[in-house]
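The values are calculated or read from the model by the stated rules, or taken from the named source; none is laboratory data. The structure presented is a predicted model; accordingly, all values stated were derived computationally and were not measured. Ideal geometry is used to build each Cβ from the backbone, glycine not excepted, and the neighbour counts take in all protein chains shown.
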Amino acid sequence: MTPKTVAIVGAAETTRLGVIPDMSQIQLHADAALNAMADAGLKPSDIDGVATAVETPQQIAHYLGITPSWVDGTSVGGCSFMIHVRHAAAAIASGLCKTVLITHGESGRSQVGRPPRAVPPSSLAGQFEQPFGPMGPPSLFPIPVLRYMKTYGVTHEQIAMVSVVQREWAGRNPRATFRDPITVEDVLNSRMIAYPFRLLQCCLVTDGGGALILTAADRAKDFPRKPVYILGTGESVETPMVSQMEDFTTSRAFRVAGPTAFREAGISHADVDHLMIYDAFAHLPLYGLEDLGFVPRGEAGRFIADRNTAPGGKLPVNTNGGGLSYMHSGMYGMYALQESVRQMRGIAPAQIPGARISVCHGVGGMFAASGTIIFGNEAP
Amino acid sequence: MLDPARARPQPTPETRHFWEGTKAGELRLQRCDACAKVYFPPRPFCPGCASRQVSVFPASGRGTLYSYVIHHRKVPGFTPPYAIAVVQLAEGPRMMSNIVDCPQTPEALELDMELEVAFEKLDDDITLPFFRPAKG
């Protein structure tokens, strides 16, 4: 794509987040989409591109009354929405469409109108992982952690600090699910889920949704909100089976998506004011900080324990409280994007004063996929 | 016999040699005839160089403990806590498995400990490859 020519002009989450038993999954998409259209001052007839995951573009377009000339149904897990932003930016820049709506809705907790998530027994994961007792992400995602800890001498206490610091951010966010402060001892005494990870190192399970509207940067100034420009994007996939990752101490998909976005944006790490790293589980910020090159290999645990990512630290990370404390409906990427957009608009509950560049990094599946978006709030 | 509630693999034409192997007491891997890469999971071509000239061979069954979790939640066919492990095979690939004949504790499950394959029947058609501490 031609970089720096596309902007976010509409962004919103569902009116409520948390436990929403009175809405089915597709209505959560719609609630967020209607909020985003109101935010941008647009009607469904103004939208000519639709992207979504799990639900299909035809379901969303039909439900909202949109006749698209471009669709993207990339569905690679929770970072699908970062990848939608990348694809939409390329589509707008090349003239395939003008105004794209990206939607997410997920009844992760209430399970209303949510398609079943099953691993087919004839798939490779069904044959070579499922028979050994995994049950969803809490059993699979932490499998690489012990190898990472042994390789770099990272301690349980350092990893526990990820949850502690993110709860501090959540304490500043009225919409966060959990806001009361926690200590390292609280984390290490919480219920064991899958050693080495305990309850407070696993994401929430909630209901919600979010939506984004993108258009060409030269139109963006005509919209009511401060435009947020897309400076760089990246994507990749590695494996649908966590057991088959190339290296348990680093994600290949992260190492492709992140640097691709940085190159496209033409920025260095020192330019980054705000960072979102999709935290379904507490080790993901460690892998993200290292694989995106913010810290040397093996040093992310110490970097976080030394409060560099905490309120007042030099690199604010996951300022909404993250999947660990803010909300996590199952595919968290949309909420990370929303927080980056809020920070760039200057309206985040825990606003970073003067922030001009935000990096938003997502994971899909269990290190299966990745998408990175770099946002800026000054016209490129 | 293992608990029949455990998730049962459904072999496909490309993986049948593996499951016939476990039933016969062999851990069968594949090696590329062109570039010599040993790989897993099964497929009838080399994921390194795309050659379709590949051979099935019985692996040594030896490996080391690469990483694991000890799962504490209930799953059909399992009694928690139990380890879900990834084994580094001597021939190069890694595979998910369970560790048997060993306490399911962080103290007993030391990373890089030597392991050897141990087969257990799930039913008349499927035998699963597990690993136990190597007897030396």
## Note on the structure
Within the range A:288-324, the residues that are out of contact with any Cys (no Cβ under 9 Å at 6 or more places or on another chain), surrounded by 24 or more Cβ atoms within 10 Å (Cβ to Cβ) and not in a loop (DSSP other than H, G, I, E, B) are A:GLY288, A:LEU289, A:GLU290, A:ASP291, A:ALA300, A:GLY301, A:ILE304, A:VAL317
### Task
Taking the residues in the range B:60-86 that are within 13 Å of the chain's Cα centre (by Cα) and polar (S, T, N, Q) as candidates, determine which candidate is surrounded by the most Cβ atoms within 10 Å (Cβ to Cβ).
B:THR64
### Query
Any chance the range B:75-88 includes a residue that's away from every other protein chain (no Cβ under 13 Å), in contact (Cβ under 8 Å) with a residue 40 or more places away in the chain, assigned to a loop (DSSP other than H, G, I, E, B) and on the phi < 0 side of the Ramachandran plot?
no
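For the range A:137-188, list the helices (runs of 4 or more DSSP H) that sit wholly inside it and hold at least 1 residues that are surrounded by fewer than 23 Cβ atoms within 10 Å (Cβ to Cβ) and aromatic (Phe, Trp, Tyr); which are they?
A:145-152
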## Note on the structure
Of the residues in the range B:122-136, those that are β-branched (Val, Ile, Thr) and either surrounded by fewer than 14 Cβ atoms within 10 Å (Cβ to Cβ) or under 27 Å from B:ASP112 (Cα atoms) (or both) number 1
### Query
Does A:ILE83 meet the test of being buried (at least 23 other Cβ atoms within 10 Å of the Cβ), more than 14 Å from every other protein chain (Cβ to nearest Cβ) and touching a Gly at 6+ places or on another chain (Cβ under 7 Å)?
yes
### Query
If you check A:PRO196 against the conditions, is it in contact (Cβ under 8 Å) with a residue 60 or more places away in the chain, within 14 Å of chain B (Cβ to nearest Cβ) and touching a helix residue (DSSP H, G or I) at 6+ places or on another chain (Cβ under 8 Å)?
no
### Query
Can you find a residue in the range A:338-355 that is surrounded by fewer than 19 Cβ atoms within 10 Å (Cβ to Cβ), among the polar types (S, T, N, Q) and under 25 Å from A:ALA40 (Cα atoms)?
yes
### Message
Could you tell me how many of the residues in the range A:29-50 are free of Cβ contacts under 8 Å to residues at least 60 places away in the same chain and either among the basic types (Lys, Arg) or within 23 Å of A:VAL112 (Cβ to Cβ) (or both)?
### Response
3
### Qualifying position, being closer than 19 Å to A:GLU238 by Cα and hydroxyl-bearing (Ser, Thr, Tyr), among A:THR103, A:THR74, A:THR56
A:THR74
### Query
Is there a residue being buried (at least 23 other Cβ atoms within 10 Å of the Cβ), basic (Lys, Arg) and closer than 18 Å to A:TYR229 by Cβ anywhere in the range A:4-22?
no
## Note on the structure
Subset of the range B:101-116, residues more than 10 Å from chain A (Cβ to nearest Cβ), surrounded by fewer than 16 Cβ atoms within 10 Å (Cβ to Cβ) and part of a loop (DSSP other than H, G, I, E, B), comes to B:ASP101, B:PRO103, B:GLU107, B:ALA108, B:MET113
### Query
How many residues are without any contact (Cβ under 8 Å) to a residue 24 or more places away in the chain, within 12 Å of chain A (Cβ to nearest Cβ) and surrounded by 13 or more Cβ atoms within 10 Å (Cβ to Cβ) when one looks only at the range B:12-39?
1
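Yes or no, residue by residue, for (1) assigned to a loop (DSSP other than H, G, I, E, B); (2) more than 20 Å from B:VAL100 (Cα to Cα); (3) modelled with pLDDT under 95; (4) among the basic types (Lys, Arg):
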position	(1), (2), (3), (4)
B:LEU2	yes, no, yes, no
B:ALA7	yes, no, no, no
B:PRO11	yes, yes, no, no
B:PHE18	no, yes, no, no
### Query
Just checking, which of B:LEU65, B:LEU111 is more than 27 Å from B:PRO4 (Cα to Cα) and not charged (D, E, K, R)?
B:LEU111
### Query
Can you name every residue in the range A:151-174 that is polar (S, T, N, Q) and within 21 Å of A:ARG297 (Cα to Cα)?
A:THR151, A:THR155, A:GLN158, A:SER163
### Task
Could you check how many residues of the range B:40-50 are more than 9 Å from every other protein chain (Cβ to nearest Cβ) and in contact (Cβ under 8 Å) with a residue 24 or more places away in the chain?
1
#### Entry: Matching residues, the range A:169-193, being within 17 Å of A:ALA280 (Cα to Cα) and in contact (Cβ under 8 Å) with a residue 12 or more places away in the chain
A:TRP169, A:ALA170, A:ALA176, A:THR177, A:PHE178, A:VAL187, A:ILE193
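Scan the range A:189-204 residue by residue and report those that are assigned to a loop (DSSP other than H, G, I, E, B) and surrounded by fewer than 16 Cβ atoms within 10 Å (Cβ to Cβ).
Residue satisfying the conditions is A:ARG191 alone.
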### Query
Tell me, which residue of the range A:125-141 that is touching a residue at least 40 places away in the same chain (Cβ under 8 Å) and not small (Gly, Ala, Ser) is farthest from the other protein chains (Cβ to nearest Cβ)?
A:PRO137
